[in-house]
Structure formats: structure tokens, C-alpha cells
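Every read-out reported here was derived from the displayed coordinates using simple, explicitly stated rules and does not represent laboratory data. These figures come from a predicted structure and were not determined experimentally. Virtual Cβ from ideal backbone geometry, glycine too; neighbours counted across all protein chains shown.
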Amino acid sequence: MINLVLFGPPGSGKGTQAAKLVEKYNLLHISTGDLFRYEMGNNTPLGQEAKSYIEKGELVPDEVTIGMLRNKVDANPDVEGYIFDGFPRTVPQAEALDRLLETKEQTVSKLVMLDVQDDELVSRLLNRGKTSGRADDNDESIIRNRIEVYKSETSPVFDFYNTQGKAAKIDGIGSIEEIFGRICAEIDHL
Ligand code: C5P
Ligand code: MG
């Protein structure tokens with residue numbers, strides 16, 4: 001199995017690349033952000049809880065996110081691997097993911113980080129906001145908060161996997177195909 005963590009700040013291209021990787025490697029794409037938006041769209045209790053955090057660009061508490069992720073993984077056991085997109089966002093989430101995979105005699109194969117500088121992220125997200133329908137893509141101060149939260153709470157996840165020799169940082173600037181080629185090179189080296 002290939003269990004890939006697709007990592008990087010908001011707007012770095014994780015979702016775009018995940019869609020292409022799914023086709024090439026036949027993996028299940030799990031985007032925790034998409035799962036939250038689905039719950040919000042259906043106005044479920046989970047969606048209502050997540051909404052107050054997401055609309056500020058803050059992180060939903062770990063136990064909520066971890067429980068949702070675990071349910072999604074457990075509901076899809078017969079796959080060739082997973083692409084985790086937008087998860088783990090904190091070191092406790094990374095530890096929980098390791099424990100979850102351990103119960104299935106699996107591990108994270110690799111974390112690939114898409115490296116993109118802040119101003120490019122802001123411009124990509126504002127542009128995406130024109131069509132995404134996401135309130136958190138339509139306000140520059142929320143976007144900047146999401147980037148700050150990434151730096152303070154999420155970036156330590158890179159080091160968590162780097163000390164296990166599993167993290168790779170690639171240039172997230174270029175055409176979609178170029179970046180896809182860089183990610184595939186990392187996977188094919190596994
Ligand atoms: O990954 P994405 O950018 O779609 O996530 C949107 C929002 O969902 C984040 O800004 C955050 O509020 C919330 N989220 C979270 N924890 C995660 C993934 C997403 O709190 N692991
Ligand atoms: Mg995304």
C-alpha cells in the first residue's frame with residue numbers, strides 16, 4: 001500500500017495534485033477540509049461544530065478531526081492506499097494517524113510538501129474564492145490567518161516525519177504537470 005500525506009500551506013495545490021494522483025496510483029483521496037464542508041453543507045452536528053472554526057481560519061479541535069478521519073479510513077478498508085490531504089494538521093493528529101495505521105499494520109509511506117511562498121498563496125486563494133464558494137477563500141485576513149496557523153501549528157508535522165526519514169519538500173511553483181511529475185518521482189522512489 002502507498003499511504004501518502006500531501007502536505008503544504010493552504011493554496012499550495014494539494015487538492016489539485018491529489019485528483020491526478022488518485023488516477024495514476026488508484027488511491028483513496030481523503031480531504032478532511034472536504035469532509036468538513038460536506039458536513040457543513042448538510043448542517044450536521046459535526047458540521048455545525050466545525051463551522052465556527054473554519055469561518056475564522058482556525059483549526060477544528062484534534063479529537064473532532066481525528067474521529068472524522070478514523071471513520072473515513074475504517075469505512076474504506078479495501079483500497080490500495082490513501083492520500084491524506086489537509087491531514088495531519090498538528091503533531092497530535094500525526095501521532096493519531098500513525099496509531100491508526102498501525103492497527104492496520106500500515107505506516108505513512110511518505111509526506112510530500114508543496115513549497116509555495118505566502119504572496120503566491122494569497123493570490124491563488126483569492127482567485128479560487130471567485131468560484132469555490134468558500135467564505136474562507138474570500139477574505140484576505142482569514143486567508144492570512146490560515147497561513148499563520150499553518151506556520152505555527154502545522155509546519156511541525158513536517159519535522160515529525162522528517163525525523164523518520166519520510167518527508168520530502170518539493171517546489172510547488174510551476175505548471176500542474178511539472179509539479180505532478182515532481183510528486184510522482186518521490187512516490188516512484190519508494
Ligand atoms: O484543507 P482545507 O484548506 O480544505 O481546510 C479548510 C479548513 O478546514 C481549515 O482552514 C480548517 O479550518 C479546517 N480543517 C481543520 N483541520 C484539518 C483540516 C481542515 O481544522 N485537519
Ligand atoms: Mg484542499
Range of Cα positions in segment 14-82 per principal axis (Å), largest first
36, 24, 21
Cα-based Rg and Dmax for the chain, where Dmax is the largest Cα-Cα distance (Å):
15.7, 43
Amide H of L111: which non-local residues (sequence gap of 5 or more, or other chain) have their own amide H closer than 5 Å, using H built in the peptide plane?
V5, A167, A168
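In a shell of Cβ-Cβ distance under 9 Å around T32, excluding T32 itself, what net charge do Lys and Arg (+1) and Asp and Glu (-1) give? Can you show the working numbers first?
Values: positive: K72, R89; negative: D34, D85.
So the surrounding residues net to 0.
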At the level of C-alpha centres, the distance separating segment 1-39 and segment 83-124, in angstrom, is 10 Å
So what is the calculated 222 nm ellipticity per residue for the chain, using -39500 (n - 2.57) for each DSSP H run with n of 4 or more, over all residues, to the nearest 500 deg cm²/dmol?
-16500 deg cm²/dmol
Please compute P(r) over all alpha-carbon pairs of segment 141-184, binned at 5 Å starting from zero, and give each bin as a whole-number percent.
5, 19, 15, 17, 23, 18, 3, 0
Compare the peptides 71-80, 168-177 by average per-residue count of other Cβ atoms within 10 angstrom and give them in order, highest first.
168-177, 71-80
Under 17 Å from the Cα of K151 - lysines, other chains or at least 8 residues apart
K14, K56, K169
Which percent of Cα-Cα pairs in segment 72-176 sits in each 5 Å bin, short to long?
2, 10, 17, 20, 17, 15, 12, 5, 1
Apply the Karplus curve 6.51 cos²θ - 1.76 cosθ + 1.60, θ = phi - 60°, to the phi angles in segment 83-94 and return the couplings in whole Hz, x for Gly and Pro.
10, 8, 10, x, 8, x, 9, 9, 4, x, 5, 5
How about K104: which aspartates and glutamates have a C-alpha closer than 16 Å to its C-alpha, ignoring those fewer than 8 places off in the same chain?
D74, D78, E80, E95
What span do the alpha-carbon atoms of segment 78-121 cover on each of the three principal axes, reported in whole Å from largest to smallest?
41, 24, 13
Mark the label point 7 Å from the Cα of Y53 along Cα→Cβ and return the residues of segment 78-109 whose backbone N is within less than 11 Å of it.
89-90, 93
